[in-house]
Amino acid sequence: MMRIARIGAGVLVLALIAGLGWWLRPAPPSPEPLVLAVTQTTFGAPLWVAQRGGFFSAAGLAVTLRPYATGKLAFEAMLRGEAQIATVTETPLVFASLAGTPFTVIANYASSTEHSLVVRADRGIAAVTDLRGRRIGVAPGTSAQYFLHVVLTDEGLSEADLTVVPLPAPQQAAALAAGEVDAVATFAPYSGQCRLALGKAARSFGTGIRYTGYGNLVAPRDLPSARPEAMLRLLRALDRTIYWMRRNQDESLALAAAGSGTETALLRDGWDTLHPRLGLDQGFVVLLQAEARWAIAAGLVPGRPPGAVVPDYRDFIDATALVRLRPESVTMISTP
């Protein structure tokens, strides 16, 4: 009887110790709040999957995603203070840097060859060279503008050989169908909208191997140092999202469509061109430099005459969080 009492007392003590340990255990960290401005194009897919799939909350984040028709619009919203992070391709960053606007890239999270020229074949356009003298719609300051330059250069043409019509991406399909332009330089899902609008009269020309755009996470310059834990959690969440997306393509497409509000069929149009991957490589820096030289030489930047110095784009990159998470994915050259 005495032995049973001792055993019972021992069990009680262990239970009390366990209970005390539970009360003394540090509370889990509070979720880090973040507001992200996210494009509704294919480039935004990993962010919508992360939100819908629960990857942000699992990483200790309380994330609000705000949708924008293009990355350029998302980036501009961030600059206005409507979000703390934006998803955007590299071309709007080039124009912002040349205008003296401060920002910092914390990671590339995807690359894509989603861009295409959609033309009216019923107007006798069978090749890119047939665009000479035609009206071409393009959203100014977006990656489509640089893509158009690359495609024309490859065919021995320049923007001076045609009429470039400023045309926001969401309006391109209607303008093309109405005959206001002969072609558009665009990206998914708007390229799919344009092909649907034209039906059998549509013809497309892609990027080939000459241009691959980067999807970037961009923040105000002081945010990475002010909120290092939030940046690390964000990249960790996306890293896990990307791993899952590679193994669950159909489910990822469904989540991205539901989150972005983009029709599944249109999002699928550029899905195979999207390559999610966290990194910061030298190719990204080289592309920024090339686009800056193009913008300056073309006279697209007020106050930057031809021959003006190109910024050192390493000054616009903060790799701190990515180095903490995946140091091997940062392969930029650190010296001039």
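Does the stretch 305-326 contain at least one residue that is loosely packed, with under 10 Cβ neighbours inside 10 Å, touching a residue at least 12 places away in the same chain (Cβ under 8 Å) and not in a helix (DSSP H, G or I)? Checked against the condition, which is being loosely packed, with under 10 Cβ neighbours inside 10 Å, touching a residue at least 12 places away in the same chain (Cβ under 8 Å) and not in a helix (DSSP H, G or I), the stretch 305-326 yields no hits at all. Only one of the numbered conditions (1) touching a residue at least 40 places away in the same chain (Cβ under 8 Å); (2) open to solvent by less than 60 Å² (accessible area, probe 1.4 Å); (3) closer than 27 Å to TRP271 by Cβ is not met by ALA58, and that is (2).
Just wondering, is there one or more residues in the stretch 265-277 that are more than 18 Å from the chain's Cα centre (by Cα) and open to solvent by 20 Å² or more (accessible area, probe 1.4 Å)? Checked the stretch 265-277: at least one residue is more than 18 Å from the chain's Cα centre (by Cα) and open to solvent by 20 Å² or more (accessible area, probe 1.4 Å). Out of the residues in the stretch 108-130 meeting the condition of being of a type in the set (Val, Ile, Thr) and crowded, with 21+ Cβ neighbours inside 10 Å, tell me which one is farthest from THR91 (Cα to Cα). Checking each candidate, the answer is VAL119. Pairs linking a residue in the stretch 263-280 that is farther than 12 Å from SER111 by Cα to a residue that is in a strand (DSSP E or B) and modelled with pLDDT of 95 or more, with Cβ atoms under 7 Å and 6 or more positions apart or on different chains, do not occur.
Please specify each residue of the stretch 215-265 satisfying the condition of being aliphatic (A, V, I, L, M), touching a strand residue (DSSP E or B) at 6+ places or on another chain (Cβ under 8 Å) and either farther than 19 Å from SER57 by Cα or in a helix (DSSP H, G or I) (or both). Selection gives VAL218, ALA219, LEU223, ALA230, MET231, LEU234, LEU235, ALA237, LEU238, ILE242, MET245. One residue stands out in the stretch 61-94 among those that are of a type in the set (D, E, K, R) and in a helix (DSSP H, G or I): the one that is surrounded by the fewest Cβ atoms within 10 Å (Cβ to Cβ), namely GLU76. The set of residues from the stretch 291-320 being closer than 19 Å to ALA160 by Cβ and hydrophobic (A, V, I, L, M, F, W, C) comprises TRP294, ALA295, ILE296, ALA297, ALA298, LEU300, VAL301. Exactly one residue out of GLY156, GLY141, GLY133, GLY137 is assigned to a loop (DSSP other than H, G, I, E, B) and open to solvent by less than 20 Å² (accessible area, probe 1.4 Å), and it is GLY141. A single entry from ALA144, ALA173, ALA110 fulfils the requirement of being closer than 28 Å to LEU253 by Cβ and touching a Cys at 6+ places or on another chain (Cβ under 6 Å): ALA173. Go through the residues of the stretch 176-186 one by one and say whether even a single one is closer than 23 Å to GLU90 by Cβ and open to solvent by 10 Å² or more (accessible area, probe 1.4 Å). No, the conditions are met nowhere in the stretch 176-186.
The values are calculated or read from the model by the stated rules, or taken from the named source; none is laboratory data. Here the structure is a predicted model, which means the values were calculated and not measured. For neighbour counting, all protein chains shown are included, and Cβ atoms are generated from backbone atoms with ideal geometry for every residue, glycine included. Ligands, DNA and RNA are excluded from the accessible area calculation, which covers all protein heavy atoms including side chains. Shrake-Rupley method; radii C 1.70, N 1.55, O 1.52, S 1.80 Å.
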